[in-house]
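The next block holds one structure in the form of structure tokens; read it before the comments.
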Amino acid sequence: MPQQKALVLQLKQARFTLETRPIPTVSRGQLLVKVLAAGLNPVDWKIQTYGAFVANFPAVLGTDIAGEIVDIGEGVTGWSKGDRVVYQGSYFENDGAGFQQYSLIAADFVARIPEKMSYDEAATICVAFAAACMGIFAEAPIGLGLNPHFTWEPHFMGKTTVVIGGSTSVGQYAIQLLKFLGFSRIITYASARHFDYLATLGMTDIIDRGTTPLNQLSLAVKKLTCDPLLVVFDALGFPEAQQAGYDMLSEGGQVMTINNDQRPQKSECDGKIFRDVLGTVHLPAQSEFGRRMFRSLGKFMDEGVIKASCRFYPNRLEVLPHGLSGIVAGLDRLKNNQVSAVKLIAHPHDTE
């Protein structure tokens, strides 16, 4: 059986090791993809450090994947060998993960990469986009239910919203999706050095995290606007960020966070709604929305323009050296907060 190189966790909380494993074979409804770019995410180091999410070992991680179709399973239509695709890998099946040279994916959960976009750019998208898109668009209880069927008419003209952690990968997509929905004012909590970049995504106001601590964020927002605040997206997930988001909401508003470890203190009678999102298409309850999302993601990337002239941008990126072997150092940088407003990318086929 043909073999490939893969970065593997042999045991829970073990060190990553470079191994060989079989190249998987397609089944009905699947695509086999040559992984040409794999994105790193904070969850990757958290799985290795804390033993979270993954139950079965050895395990291959990596869920941001872009590559070229090399084989097609029975029953698949609309795809050809050589097509350039992007998709979200799975932590639940090693054959569907990204820290290896070949990966399987169900054909329903891929999007075509437009000619103007590189594999590296495409590999910055899926995990962060899924968290933002599911959190904002998907019907409750998965998300806030703001656009579950991906209509292309703005719904929230004249409205104000806040993104906490706007320079994170998830936050950058949250800004763009909220702009797509028509929000006229998007206040963002992030480092002031990212102002110009975040403005290109649709941000209108920035509150500098370097001068405003999270426990003062709600007050800072209220000084900026008297508008009712019915939607807040927390892309940081810290307890202090969740509490700040909850506190700044108007009565009846909704806050979405990327972390459910701790709930904010809240009143039972203020009508505020607090939700958290797990941005994966590989859970049965979220798969139908995931299919809709990937159909629309292709359109977002292909057309390149979101309503109100807001460009759809992938994250800024940095390519790591040494292929799969360079991933460990990249994850250490993520763990030690040494990465800001860029996505780290590995090229599995450059592995030495």
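The values are calculated or read from the model by the stated rules, or taken from the named source; none is laboratory data. Keep in mind the model is a prediction, meaning the values are calculated, not measured. Quick reminder, even Gly has a Cβ in these numbers, built from the backbone with ideal geometry, and neighbours come from all protein chains shown.
Listing for the model above:
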quantity	calculated
Selection count where residues are of a type in the set (V, I, T), part of a loop (DSSP other than H, G, I, E, B) and under 19 Å from D247 (Cβ atoms), scope segment 161-207	0
Odd one out for Y119 among (1) in the same structural domain as L230 (by TED's automatic domain parsing); (2) over 22 Å from S287 (Cβ atoms)	(1)
Residue list for segment 110-133, filter: in a helix (DSSP H, G or I) and surrounded by fewer than 24 Cβ atoms within 10 Å (Cβ to Cβ)	Y119, D120, E121
Number of positions in segment 323-352 that are in contact (Cβ under 8 Å) with a residue 40 or more places away in the chain and among the polar types (S, T, N, Q)	3
Verdict on A138 being in contact (Cβ under 8 Å) with a residue 12 or more places away in the chain, more than 14 Å from P314 (Cα to Cα) and buried (at least 24 other Cβ atoms within 10 Å of the Cβ)	yes
Residue among G253, G298 that is surrounded by fewer than 18 Cβ atoms within 10 Å (Cβ to Cβ), touching a Lys or Arg at 6+ places or on another chain (Cβ under 7 Å) and touching a residue at least 24 places away in the same chain (Cβ under 8 Å)	G298
Residue, nearest to the chain's Cα centre (by Cα), within segment 1-42, restricted to residues that are outside any strand (DSSP E or B) and surrounded by 16 or more Cβ atoms within 10 Å (Cβ to Cβ)	N41
